[in-house]
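Right, one structure below, let's go through it.
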């Protein structure tokens, strides 16, 4: 039975980290909220599972995955579940915890990236927190982005020089690719300065992009383009000069 | 062999969520960074594991746990590992993922709580982002705290009315207790308004506080008091009038 992914239909967002794992594995899945309401899909089907009074384990927010009767929320938790099943996680328990730990650090990074344009409240418009966003983004590009990228660079170095965990692709590698792609979209100028310091992370991202199934996915209509509603947004005033 | 917990010695912080699980289980553990340097403990021992070039799996930040040769970082990941071993997690895989999903939602909540006093950058002083903090805290108390607490209330209602997952205490229950205690410390006025709407969450917190090992821990010097360096800080100007 196909996996059912539930996520907002018009953005990559946090759902993209799950999509990349499903695509790399060639797994059968339905991107439910992008389907038609008349087929029982669409955003309505997603909200019904979130708000339905008969859902025993309601997710706090999308994305969530349905596998038969099981509903799993929280991006990193979905990847913990899928990683083992899709052959995208290390084999033994200690190494799986390590891969999950890396994914949780990606999660923290993503939240900080999101907050570059929404530092005050996710419920307010960007325009209503633009001044705070400028200040946040300046600090983020100076301190935080290099700190996170430097961390992942070090992890790759201490591993095999090419992957984050083990000697094959695991789901945190796919997520790091997405983060680097997203940063290049959102902060092209700053990334020109920052990226050369982290050649192994950049090489990892390039290698992921070239994997046959990922390359096919990126060229397909299933890949939603980066846009101004997602986590990664290009606001010229937030980038470096 | 005793577990070794590594966390900043002068705050509850994220380490407290791990301490509460270890204490509830009566597990033997060493709070390493609170020990003496001359015994090979203290903050130096913690930093050595974080920055040491020979650590294969370096954590991004404290807390981390050492169990024999295994080093595990990220609070929720530590609890995923310990929960099963300490009898504080559900027995089957689906329910364990659910408990972990709840913990990851607690993690998101904690980050937003932290950002009430540090909305621009964790590396800047509160005084240098006080205006932004006021705006952030206003939105947080109006929208986000009720949203998270309402979510956990609903989860308890759909479970047994007393716990988040299953019919015994699991590690997310301990964490929800800590969050509610922390919010009461940081925002006493706002919590007077907010808390009555979430009676089951409040009752869960009260029940956790009365558990014999937790009560003994809270009364012991092992429990660091809430203070102005942790996640939960009392700044009168950020609370409601």
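Only the coordinates and a few stated rules stand behind these numbers; no lab work does. Quick caveat: nothing in here was measured; it's all calculated off a predicted structure. Neighbour counts run over all protein chains shown; Cβ positions are idealised from the backbone, glycine included.
Which value results when the Cα radius of gyration for the range B:85-241 is divided by 2.2 N^0.38 Å?
Ratio of Cα Rg to 2.2 N^0.38 Å: 1.07.
What are the nm distances, shortest first, from residue B:127 to its equivalents in the other copies, labels at 7 Å along Cα→Cβ?
Relative to the other copies, residue B:127 has label-point distances of 3.7 nm.
Provide the percentage of antiparallel DSSP beta bridges, counting only those with both residues in the protein assembly as shown; round to the nearest 5.
Taking every DSSP beta bridge within the protein assembly as shown, about 70 percent pair in antiparallel fashion.
Please average, across the residues of B:97-110, the number of beta carbons from any other chain that are within 10 Å of each residue's own beta carbon, and give a whole number.
5
Could you work out how far the C-alpha centroid of the range B:1-78 sits from that of the range A:12-61, in angstrom?
37 Å
Tell me, how many Å apart are the Cα centres for the range A:108-122 and for the range B:94-124?
13 Å
Over the range A:182-240, what is the mean sequence separation of C-alpha contacts under 8 Å (at least six apart), divided by residue count, expressed as relative contact order in percent?
59 percent
Taking the beta-carbon count within 10 Å as an exposure proxy, list A:191, B:50 from fewest neighbours to most.
In increasing order of surrounding Cβ atoms, one gets B:50, A:191.
Based on the Cβ-Cβ distance from residue B:197 to residue B:158, what FRET efficiency comes out when R0 is 25 Å, to the nearest 0.05? Show your work: numbers first, answer last.
Values: r = 17 Å, r/R0 = 0.68.
Approximately 0.90, to the nearest 0.05.
Starting at 0 and stepping by 5 Å, how many percent of the alpha carbon pairs of the range A:104-180 end up in each bin?
The percentages, shortest bin first, are 3, 15, 22, 20, 14, 11, 7, 5, 2, 0.
Restricting to chain A, what percent of DSSP beta bridges are antiparallel, rounded to 5?
70 percent
More than 39 angstrom separation, counting every C-alpha pair in the protein assembly as shown; what % is that?
18 percent
Along Cα-to-Cβ, 7 Å out, sits the label point; list in nm, shortest first, how far the one on residue A:196 is from those in the other copies.
Label-point distances to the other copies, shortest first: 6.3 nm.
Count the DSSP beta bridges whose two residues both fall in the range B:3-86, then state the antiparallel fraction as a percent rounded to the nearest 5.
70 percent
Just to check, using Stokes-Einstein with a Kirkwood Rh over alpha carbon pairs, what's the diffusion coefficient of the range A:1-151 at 20 °C and 1.002 mPa s in µm²/s?
Translational D for this selection: 125 µm²/s.
Multiply the residue gap between residue A:130 and residue A:229 by 0.36 nm, knock off their C-alpha separation, and tell me the result in nm, one decimal place.
On the way: separation 99, 0.36 × 99 = 35.64 nm, distance 1.50 nm.
Full extension of this stretch gives 34.1 nm more.
Quick one: if you stick a label point 7 Å off each Cα along the C-beta vector at residue B:61 and residue B:108, how many nm between them?
So the two model labels end up 1.8 nm from each other.
Compute the label-point distances linking residue B:2 to its equivalents in the other copies; points lie 7 Å from Cα along Cα→Cβ; give nm, one decimal, shortest first.
Output for residue B:2: 5.5 nm, nearest copy listed first.
So how far, in whole Å, is the C-alpha centre of the range B:175-208 from the one of the range A:168-241?
The distance from the Cα centre of the range B:175-208 to that of the range A:168-241 comes to 40 Å.
Normalised by the residues of the range A:3-86, what does the relative contact order come to in percent, with Cα pairs under 8 Å and at least six apart? Please list the in-between numbers first.
Working: 125 pairs, mean separation 28.4, N = 84.
It comes to 34 percent, rounded to a whole number.
How high is the relative contact order of chain A, given as a whole-number percent (alpha carbon pairs under 8 Å, six or more residues apart)?
On the way: 337 pairs, mean separation 51.0, N = 241.
Here the relative contact order equals 21 percent.
What value, in deg cm²/dmol to 500, does the helix sum -39500 (n - 2.57) over DSSP H runs of n ≥ 4 give at 222 nm once divided by the residues of chain B?
Mean residue ellipticity, 222 nm, calculated: -15500 deg cm²/dmol.
Based on the Cβ-Cβ distance from residue A:28 to residue A:219, what FRET efficiency comes out when R0 is 22 Å, to the nearest 0.05?
Approximately 0.65, to the nearest 0.05.
Assuming R0 = 30 Å, can you tell me the calculated FRET efficiency for the pair residue B:85 and residue A:168, based on Cβ-Cβ distance, to the nearest 0.05?
Approximately 0.60, to the nearest 0.05.
When a/c is below 1.5 the answer is rounded, else prolate if a/b is larger than b/c, else oblate, so apply that to the range A:168-241 with a ≥ b ≥ c taken from the square roots of the Cα gyration tensor eigenvalues.
Details: a/c = 2.49, a/b = 1.28, b/c = 1.94.
Oblate is the answer for the range A:168-241, as a/c is 1.5 or above yet b/c matches or exceeds a/b.
With no solvent and one equal point scatterer placed on each C-alpha of the range B:3-86, evaluate the Debye formula and give log10 I(q)/I(0) for q = 0.11, 0.12, 0.17, 0.24 Å⁻¹, two decimals.
-0.25, -0.30, -0.62, -1.25
Arranged by the count of other C-beta atoms within 10 angstrom, fewest first, what order do A:29, A:125 take?
By the 10 Å Cβ count, ascending: A:125, A:29.
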